[in-house]
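Q: First, the structure itself, so that you have it in front of you.
The values are calculated or read from the model by the stated rules, or taken from the named source; none is laboratory data. Computed from a predicted structure; not experimentally measured. Cβ placement follows ideal geometry from the backbone for every residue including glycine, while neighbour counts extend to all protein chains displayed. What goes into the accessible areas is simple: the full protein's heavy atoms, side chains included, and nothing from ligands, DNA or RNA. Shrake-Rupley method; radii C 1.70, N 1.55, O 1.52, S 1.80 Å.
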Amino acid sequence: MATTERPESIAADVVVDAAAGARLLAAIRSALPDLRLLDDPVDRESYRNDETAYLQAGLPLAVALPETTVEVSTLVRLAAEHRIPVVPRGAGSGLSGGAAGIEGGLTIALTRMSRVLEIDRANLVVVTQPGILNADLKKAVAAEGLFYAPDPASYEICSIGGNLGTNAGGLCCVKYGQTRDSVLGLEVVLADGRVIRTGGRSIKDVAGYALTHLFVGSQGTLGIITEATLRLHVAPPPRSTMLAFFPSVPAAGRAVAAIIGAGLHPVTLELLDHETILAVDDAFQLGLERDAAAMLLIESDLPAAAATAELAAAVAACEGAEATSIVRAEDPTEADWLRQARRLALRALERQGTVRMEDVGVPRGRVPELLVAIQAAADRHGVRVATFGHAGDGNLHPNFIFEHGDPRAAELTEIVRDEIFAAAIALGGTVTAEHGIGLSRRAALVDQVGADVIDVMRSVKAALDPLGILNPGRVI
Ligand SMILES: Cc1cc2nc3c(=O)[nH]c(=O)nc-3n(C[C@H](O)[C@H](O)[C@H](O)COP(=O)(O)OP(=O)(O)OC[C@H]3O[C@@H](n4cnc5c(N)ncnc54)[C@H](O)[C@@H]3O)c2cc1C
């Protein structure tokens, strides 16, 4: 990497001073001799990208794998002293390039900080390090009869730190909210290496600005989360599960609006369009209704009689929206299998080519209009699109599918997604409901929120990270 003048603050187009990088590595080795520090090119290469398709990411100078908050704090302080950008990273499953490498920057992967520190049943909270996988945290608390709600479809491959970094959503947000709604307190390493604690175990706490909520979803640009205090629930009963099939995508959208409008609180309200139904059915042999234009997966986690009543009301809403057939899962095993198949929808589509997933959201009553706009944008440019997502949250994932090696894939993806972004904004929605702005949606953020809001965000960033050390060029 060419050496250039060192900037006052590391800007969006990050150019890193190679000599400063070498000095930083020497300082890290001297201050933290026991730290696992990867500087081999092959190792570093595996930290270049996250799961975002068509992204130009940089090769990190090195990858640090700290085990303690003190190590994270020392790393950040040294990086600041040497003006080397830092990329906080969890499991690297992100879909916005937030954890992708910066050429010559230091990636700090939190995967070795993966211990559950305390399960506090009396207060229904768990205190955990950020590197634990979401699925492992769920398992740990389930062993105590407790339930940690946030469940991104990627829950087996993503970390709690990454979930906090992105304010991850998932299949049961419709009832339990996004990751932010489960966070009570954090320990955060700031851009100069100081360590602060926000919040605690109290459910109600209005002391000062809501810093906990500010850090959640900030994609590693304001601080590195080294510990989190998260809300739990007593484990709900096994879920009751049904599928409803529809003759058109807007009909399924109308059913979603009817279910929400009826005041139901299903724990899952997921939509799959025709292309996704076929891909999932081909991949997992589920016996789905292959002629259907759309399908809803609807679940209740209420106790038996209440679940029966909730699903009966959902059936009425689906029938009112012209559902062609409705089936109930035979037992919890079949329900688990259907839910798992939905979680693997992206992988099923990836069997057919290169897939770029998007993440738009709208007020829930406008889901039918968003579905129409997605298909229209794809049709205008002859792009194959398969849409699924968390319809109960108004959050849909259009997936653009191209043959492997198609030279126009990246360009067409940009064109179609820009039109879909514009449609989502026009419907009063958002260009990203859960995956984050990261690196891949920065221009769209301006279109959605406008210059004044960007200005306020820049002020927040400058106050917390005046040198621009933390994940520069991401989000704003
Ligand atoms: C098949 C598939 C399905 C998915 N389904 C969903 C879904 O249903 N819902 C959803 O929301 N997402 C989903 N995702 C996206 C992704 O899994 C989530 O964004 C997840 O939260 C990322 O976690 P991670 O540990 O992989 O984080 P990474 O990708 O490593 O990092 C994500 C962001 O968080 C920051 N970060 C990581 N750790 C920390 C930390 N300790 N402190 C501060 N910042 C940090 C990073 O800098 C980065 O900006 C899916 C991805 C895939 C591949």
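Q: Over the range 237-344, with the other protein chains present, what is the accessible area per residue in square angstrom, probe 1.4 angstrom?
A: Working: 4230 Å² over 108 residues.
Accessible area per residue: 39 Å².
Q: Continuing with this model, one more query. Would you mind calculating the relative contact order of the range 348-476 from Cα pairs under 8 angstrom and at least 6 residues apart, reporting the percent as a whole number? If you can, show how the numbers build up before the last one.
A: Details: 163 pairs, mean separation 36.2, N = 129.
In percent, rounded to a whole number, it is 28.
Q: Something else now. With θ set to phi - 60°, apply the Karplus curve 6.51 cos²θ - 1.76 cosθ + 1.60 along the range 462-476 and write out the HN-Hα couplings as whole Hz, x wherever there is a Gly or Pro.
A: These are the phi-based 3J(HN,Hα) values: 5, 5, 8, 9, x, 7, x, 7, 8, 6, x, x, 9, 6, 10 Hz.
Q: For the range 159-224, report the accessible area per residue in Å² (1.4 Å probe, heavy atoms, rounded to an integer). Walk me through the intermediate numbers first.
A: Details: 2650 Å² over 66 residues.
Value returned for the range 159-224: 40 Å² of accessible area per residue.
Q: Quick query: amide H of Arg384 versus all other amide H atoms, modeled in the peptide plane; which residues come in under 5 Å with a sequence gap of 5 or more or a different chain?
A: Amide H neighbours of Arg384, under 5 Å, 5+ apart: Ile401.
Q: While we're on this one: On the Cα set of the range 116-234, report Rg and Dmax in Å, please.
A: Computed over the Cα atoms of the range 116-234, radius of gyration and Dmax are 13.2, 40 Å.
Q: Going by amide H atoms built from the backbone, whose H comes under 5 Å of the H on Thr430, apart from near neighbours?
A: Amide H to amide H, under 5 Å and 5 or more residues apart or across chains, Thr430 pairs with Gly361, Val362.
Q: Taking only C-alpha pairs under 8 Å that are 6+ residues apart, what is the relative contact order of the chain in percent?
A: Values: 1050 pairs, mean separation 77.5, N = 476.
It comes to 16 percent, rounded to a whole number.
Q: Ok, one more. Have a look at Leu61, Ala27, Asn134 and report the one farthest towards the positive end of the charge dipole of the range 7-148, computed about the Cα centre with Cβ charges (Lys/Arg +1, Asp/Glu -1).
A: Most positive-ward Cα: Asn134.
Q: What does the helix-only formula give at 222 nm for the chain: each DSSP H stretch with n ≥ 4 adding -39500 (n - 2.57), the total divided by the residues, and the result rounded to the nearest 500 deg cm²/dmol? Working shown, then result.
A: Numbers: 16 runs with 170 residues, N = 476.
It comes out at -10500 deg cm²/dmol, rounded to the nearest 500.
Q: Here's a follow-up. Hey, got the dipole for the range 384-476? About the Cα centre, +1 on K and R Cβ, -1 on D and E Cβ, debye to the nearest 20?
A: Details: 8 positive and 12 negative charges, 39 e Å.
In debye, rounded to 20, the range 384-476 gives about 180.
Q: What is the range 76-144's relative contact order, in percent, from Cα pairs under 8 angstrom and six or more apart in sequence? Write down the numbers at each step before the final one.
A: Values: 86 pairs, mean separation 16.9, N = 69.
Taking the mean separation of contacting Cα pairs over the length of the range 76-144, I get 24 percent.
Q: Once you list every other residue whose beta carbon is under 9 Å from the beta carbon of Ala391, what net charge do they have if Lys and Arg are +1 and Asp and Glu are -1?
A: Details: positive: Arg364; negative: Glu270, Asp393.
In short, -1.
Q: Take each of the peptides 255-261, 467-473, average the number of other beta-carbon atoms within 10 Å over its residues, and list them starting from the highest. Could you put the intermediate results ahead of the total?
A: Values: 255-261: 22.6, 467-473: 24.1.
So the peptides 255-261, 467-473, ranked by packing, come out 467-473, 255-261.
Q: By average Cβ neighbour count within 10 Å, what is the ranking of 153-161, 53-61 from highest down? Display every interim value, and only then the final one.
A: Numbers: 153-161: 23.1, 53-61: 18.9.
For the peptides 153-161, 53-61, the packing ranking is 153-161, 53-61.
Q: Moving on to the next point. Give the calculated FRET efficiency between Ser202 and Glu414 to the nearest 0.05, with a Förster radius of 56 Å applied to their Cβ-Cβ distance. Write out the running numbers ahead of the final one.
A: Values: r = 46 Å, r/R0 = 0.82.
With a Förster radius of 56 Å, E is 0.75.
Q: Here is a follow-up. Summing +1 for each Lys or Arg and -1 for each Asp or Glu, what net charge is found among the other residues whose Cβ lies under 13 Å from the Cβ of Ile203? Kindly include the intermediate steps, with their values, before the conclusion.
A: Details: positive: Arg201, Lys204, Arg231; negative: Asp120, Asp181, Asp205.
That sum, taken over residues with Cβ under 13 Å, equals 0.
Q: For the range 203-219, in order, what is each residue's ³J(HN,Hα) by Karplus, 6.51 cos²θ - 1.76 cosθ + 1.60 with θ = phi - 60°, in whole Hz (x at glycine and Pro)?
A: Working through the residues one at a time gives 5, 10, 6, 10, 7, x, 5, 7, 5, 3, 5, 5, 5, 5, x, 8, 6 Hz.
Q: Next question. At 1.4 Å probe size, with every protein chain present, just tell me what the per residue accessible area of the range 18-112 comes to in Å².
A: On the way: 3580 Å² over 95 residues.
The answer is 38 Å² per residue.
Q: Quick one: what are the phi-derived ³J(HN,Hα) couplings along the range 327-332, Karplus 6.51/-1.76/1.60 with θ = phi - 60°, whole Hz, x for glycine and proline?
A: Karplus values, whole Hz, x for Gly and Pro: 10, 9, 5, 5, 7, x.
Q: If you don't mind, another one. Given the peptides 219-230, 380-391, 167-178, arrange them by the average over their residues of other C-beta atoms within 10 Å, most packed first.
A: Working: 219-230: 25.3, 380-391: 21.2, 167-178: 23.6.
Taking the mean over residues of other Cβ atoms within 10 Å, the ranking is 219-230, 167-178, 380-391.
Q: Here's another thing I want to ask about it. Among the lysines, which fall within straight-line cross-link reach of Lys175, defined as a Cα-Cα distance under 23 Å, with same-chain neighbours fewer than 8 residues apart omitted?
A: Counting by Cα, and skipping residues close in sequence, Lys175 has these lysines nearby: Lys138, Lys139, Lys204.
Q: Under unit Cβ charges (Lys, Arg +1; Asp, Glu -1), what dipole magnitude, rounded to 20 debye, does the chain have relative to its Cα centre? Show your work: numbers first, answer last.
A: On the way: 42 positive and 59 negative charges, 199 e Å.
Result for the chain is approximately 960 debye, rounded to the nearest 20.
Q: Hey, another quick one. Could you give the Stokes-Einstein D for the chain in µm² per second, using the C-alpha Kirkwood radius, 37 °C, 0.692 mPa s? Before the final figure, lay out the partial values.
A: Working: Rh = 23.1 Å.
D, rounded to a whole number, is 142 µm²/s.
Q: Given a 1.4 angstrom probe, I'd like the percentage of the accessible area of the chain that is carbon and sulfur, rounded to a whole number.
A: Working: 10110 of 19110 Å².
Of all accessible area on the chain, carbon and sulfur atoms account for 53 percent.
Q: Another question, if that's okay. Test of understanding: what is the full-extension gain from Ala306 to Glu330, defined as 0.36 nm times their sequence separation minus their Cα-Cα distance?
A: Numbers: separation 24, 0.36 × 24 = 8.64 nm, distance 1.78 nm.
Length gained, Ala306 through Glu330: 6.9 nm.
Q: Moving to a separate point now. Which of the listed residues, Ser325, Ala309, Ile260, is farthest toward the dipole's positive end in the range 233-392, when Lys, Arg count +1 and Asp, Glu count -1 at the beta-carbon?
A: Final value for the positive-end residue is Ile260.
Q: Taking the Cβ of Arg347 as the centre, find all other residues whose Cβ is under 13 Å away and add up their charges (Lys, Arg: +1; Asp, Glu: -1). Each step should come with its number before you reach the end.
A: Values: positive: Arg342, Arg343, Arg351; negative: Glu51, Glu156, Asp282, Glu350.
Surrounding charge for Arg347 is -1.
Q: Would you grab the residues whose amide H sits under 5 Å from the one on Ala235? Only those 5+ places off in sequence or on another chain, please, with H modelled 1.01 Å from N.
A: Here Leu146, Phe147 satisfy the definition.
Q: Report, in whole Å, the centroid distance computed from the Cα atoms of the range 293-347 and the range 409-476.
A: 34 Å
Q: Nearest-5 percent of antiparallel DSSP beta bridges in the range 45-145?
A: Details: 4 of 11 bridges.
Bridges in the range 45-145 are about 35 percent antiparallel.
Q: Nearest 10 degrees, 0 to 90: what angle lies between the long axis of helix 274-284 and the longest principal axis of the chain (Cα atoms)?
A: 80 degrees
Q: While we're here: Between Ala422 and Ala142, what is the spin-label point distance in nm, taking each point 7 Å from the Cα along the Cα→C-beta axis?
A: Taking the two extended label points, one gets 4.5 nm.
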